[in-house]
Amino acid sequence: MSVAPKASTPDWPTPPEGGWTADDLDRLPNLPPHTELIDGSLVFVSPQTLFHSRAVDFFNWQLQSLAPSEFEVIREFTIDIDRQNRPEPDVIVVRGEVVDDPEQTRYPAEAVTLAVEVVSPESVSRDRETKPLKYARAGIAHYWRVENEKGLAVVHAFELEPTTGAYTSVGIFRERMKVSAPFPTDLDLTAIKPRRAGE
């Protein structure tokens, strides 16, 4: 007796009515690494480009070396904004007192003072429109968006304007980024490049 092969069905989780919640990210099995929750929907991350990887490394290490002792700098870690939004910025600066449990999988948005997003081709609208709006509403004081401009990093820096609750631009930086908040930072953006022999 021959049995026709069954058509394979994708093994994607089916969302519940009303969408996924922030707690579901910790419970759903077999999610790809760096899955985010945006408006109750799961967002899967595309493979990283070399520029993206180098830029994230750069900001992670530079901010770790510059941040005052009351802050912790963490890469690719989710933050709780509300029940239906748990994004994962590329780098965050958080108040040190919330970093106390090695089993933590997320931090509260109110503990985040800076969120850094390195824009990928598939994340352009999220990083330019969706996430800044959500980060501002959550009270994250500083947001940096890093764009790839012909292989060179350009940083669009924003600060929360307390009276409007919206971000206002504090500058667009090429080659060198010098800001005083959330703490004094002076960065050589030209260092985000491939390492060359002899350099």
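Once the Cα atoms are used to define both axes, helix 50-66 deviates from the longest principal axis of the chain by about 50 degrees.
Length gained on full extension, Lys150 to Val98: 14.9 nm, using 0.36 nm per residue less the C-alpha separation.
Available extension along the chain between Arg128 and Thr190 is 20.1 nm, counting 0.36 nm per residue and deducting the alpha carbon span. Applying 1/(1 + (r/R0)^6) with R0 = 25 Å to the Cβ-Cβ distance of Val170 and Phe44 gives a FRET efficiency near 0.20. Of Ile38, Ile81, the residue with the largest accessible area leads and the full order is Ile81, Ile38 (1.4 Å probe).
Note on segment 29-123: Cα convex hull, mean projected area over all directions, 6.6 nm². A run of the chain free of exposed loop cleavage sites, with trypsin sites (Lys or Arg not before Pro) counted only in DSSP states other than H, G, I, E and B and at most 11 other beta carbons within 10 Å, reaches its longest extent at 7-149. For the chain, the share of DSSP beta bridges that are antiparallel, to the nearest 5, is 80%. Would you mind getting the accessible area per residue of segment 32-119, heavy atoms of the protein chains only, 1.4 Å probe, in Å²? For segment 32-119, the solvent-accessible area averages 45 Å² per residue.
Surface composition of the chain: carbon and sulfur atoms hold 51% of the protein heavy-atom accessible area at a 1.4 Å probe.
The values are calculated or read from the model by the stated rules, or taken from the named source; none is laboratory data. No experiment lies behind these values; they were computed from the predicted model shown. Neighbour counts run over all protein chains shown; Cβ positions are idealised from the backbone, glycine included. With ligands, DNA and RNA removed, areas are computed over all heavy atoms of the protein, side chains included. Shrake-Rupley method; radii C 1.70, N 1.55, O 1.52, S 1.80 Å.
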